1. Over the chain, what relative contact order in percent results from Cα pairs under 8 Å that are six or more residues apart?
2. When the distances between all Cα atoms of the range 66-133 are binned every 10 Å from zero, what whole-number percent does each bin get?
3. Too long at a 21 Å Cα-Cα cut-off: which of Lys26/Lys59; Lys16/Lys58; Lys91/Lys127; Lys16/Lys127; Lys59/Lys127; Lys26/Lys58?
4. Please report the antiparallel percentage of DSSP beta bridges with both residues in the chain, rounded to the nearest 5.
5. If you compute Cα Rg over 2.2 N^0.38 Å for the structure shown, which of (1) 1.04; (2) 1.30; (3) 1.16 do you land on?
6. Compare the peptides 106-114, 122-130 by average per-residue count of other Cβ atoms within 10 angstrom and give them in order, highest first.
Amino acid sequence: MAYKTAQRTCLYDFLKGHPHSYFTVKQIVESLSASGADISISAIYRNLSDLIEMGSIKKAANKNGREAYYRYVDSDVCRNEIHISCSICGKIFHMNHTLSDFIEEQLMQESGFQLDKSKTCILGICKECRANR
């Protein structure tokens, strides 16, 4: 991180500690408050914006587009990955490289469309949630 403050470090460490989960700002505030952290909601928004710009955090909209979700993105692991996300439990997984490469190649061959894997997330229902239905 370029410019570190105690609040940014607290937020960054929280998100980094949960790399497979998306959080709303409300959930971040509640989690940090429960852990005793002293960080204002305005500081969270400001730092999320900076962390997104730096490429450390990813922002996504939920199904209805009314609320933003934020997730830590490990620079070495997540930047060039297709993610799959369970719309029930919210868990996020990396797609298998072979399948990911196949999809990317097929899109290019069939339509000339170049996929940006770092920004691609496929929604569905994970194995555990399907078993619990």
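Bear in mind these aren't lab numbers, they're just calculated from the coordinates by the rules spelled out. Just so it is clear, the model here is predicted, and its values are computed rather than measured. Neighbour counts are summed over all protein chains in view; Cβ atoms, including those assigned to glycine, are modelled from backbone coordinates with ideal geometry.
1. About 22 percent, as a whole number.
2. 18, 44, 31, 7
3. Numbers: Lys26/Lys59 14 Å; Lys16/Lys58 12 Å; Lys91/Lys127 11 Å; Lys16/Lys127 25 Å; Lys59/Lys127 25 Å; Lys26/Lys58 16 Å.
Checking Cα-Cα distances, Lys16/Lys127; Lys59/Lys127 exceed 21 Å.
4. Working: 9 of 13 bridges.
About 70 percent, rounded to the nearest 5.
5. (3)
6. Working: 106-114: 9.8, 122-130: 12.3.
The densest-packed peptide leads the list: 122-130, 106-114.
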